[in-house]
Amino acid sequence: MDAQVTNAYSGEIFDLWDTYKKVVVKDFMFHAALSQEVERVLRARFQGGDFSLLDLGCGDAHVFAPILRRIPPASYKGVDLSDTALGLAAENLQSLPCPVQLAHSDILSALSDGATYDVIHSSFVLHHLATEDKAEFFRRASRALAPGGLLLLVDTMRQEDETRGDYLKHYFDWIEKDWAGLSRAEKDAIFEHISTSDYPEPLSLLEQQARAAGLKRLPGDVPHRWHHLMRFERA
Ligand SMILES: C[S@@+](CC[C@H](N)C(=O)[O-])C[C@H]1O[C@@H](n2cnc3c(N)ncnc32)[C@H](O)[C@@H]1O
């Protein structure tokens, strides 16, 4: 990671992988609807495949892999800070009919090697970065987009009138009430992770940072509570 960049999160959060997998399979964070929309956007822009793809914070690629089998990119590069996640991603992506590269890397460093991509995708990762690092993310993503390229950003965002404290309270109340089928210990581990690692911003701030980095937001976000898909291209 670049020396001048500090992240709110670093390292292996995901001793939590088993719990996170449950959250994804039970669709508490709306992965199904959001990834369906990602697939629709990819089809609309790259009907015949043939796009290079960088997946930042790819995790285990459990949700993205089936989409990529249906609309295969020309190349896939996934980066993550968790070796556990990268091991699982290697298994989940092994049947993709394209070169697959997986690297242990911070997302900001992965955007700084001079390579460009037709699609930069990042799902539920950006909220781990400190506010100024999010601005740096947009600057680097803007430079790493090939002409005609797309930045697809799925993430949690707090409401415009919510402080981080409000957000944590509201999100935890919702988990407590609606995330059925998780044990007390699993919910407590999720609370601990979110309290220490999640720094979601209001959508307007992310849009402003993206605009300052030369990115234009495309319309069409359908929010699912605090969970959004934002799409950007170079202005
Ligand atoms: C909530 S999981 C999301 C995984 C997957 N993208 C998804 O949508 O299900 C967040 C992932 O981001 C990774 N991560 C967090 N901060 C990161 C950073 N600064 N650079 C690279 N990966 C990071 C974590 O290790 C974890 O695998």
Where residue 153 falls short, out of the listed (1) surrounded by fewer than 19 Cβ atoms within 10 Å (Cβ to Cβ); (2) under 27 Å from residue 212 (Cα atoms): (1)
Subset of segment 188-235 [assigned to a strand (DSSP E or B) and either of a type in the set (Ser, Thr, Tyr) or closer than 18 Å to residue 120 by Cα (or both)]: 215, 216, 217, 218, 228, 229, 230, 231, 232, 233, 234
Failed item in (1) away from the ligand (no atom under 13 Å from the Cβ); (2) closer than 14 Å to residue 91 by Cα, with residue 78 passing the rest: (1)
Selected residue (only one of 53, 96 is within 18 Å of the chain's Cα centre (by Cα) and of a type outside the set (Phe, Trp, Tyr)): 53
Subset of segment 33-75 that is in a loop (DSSP other than H, G, I, E, B), of a type outside the set (D, E, K, R) and within 13 Å of the ligand (Cβ to nearest atom) - its residue that is surrounded by the fewest Cβ atoms within 10 Å (Cβ to Cβ): 62
Total residues in segment 109-167, condition within 11 Å of the chain's Cα centre (by Cα), hydrophobic (A, V, I, L, M, F, W, C) and in a helix (DSSP H, G or I): 1
Condition check for residue 103: more than 8 Å from the ligand (Cβ to nearest atom), without any contact (Cβ under 8 Å) to a residue 24 or more places away in the chain and of a type in the set (A, V, I, L, M, F, W, C): no
Residue list for segment 109-118, restricted to those being within 14 Å of the ligand (Cβ to nearest atom) and surrounded by 21 or more Cβ atoms within 10 Å (Cβ to Cβ): 110, 111
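Laboratory data are not the source of any read-out in this text; all were calculated from the coordinates shown. As the structure is a computational prediction, the values presented were derived from the model and not from experiment. Because the Cβ atoms are built from the backbone with ideal geometry, glycine has one as well, and the counts that use them run over all protein chains shown.
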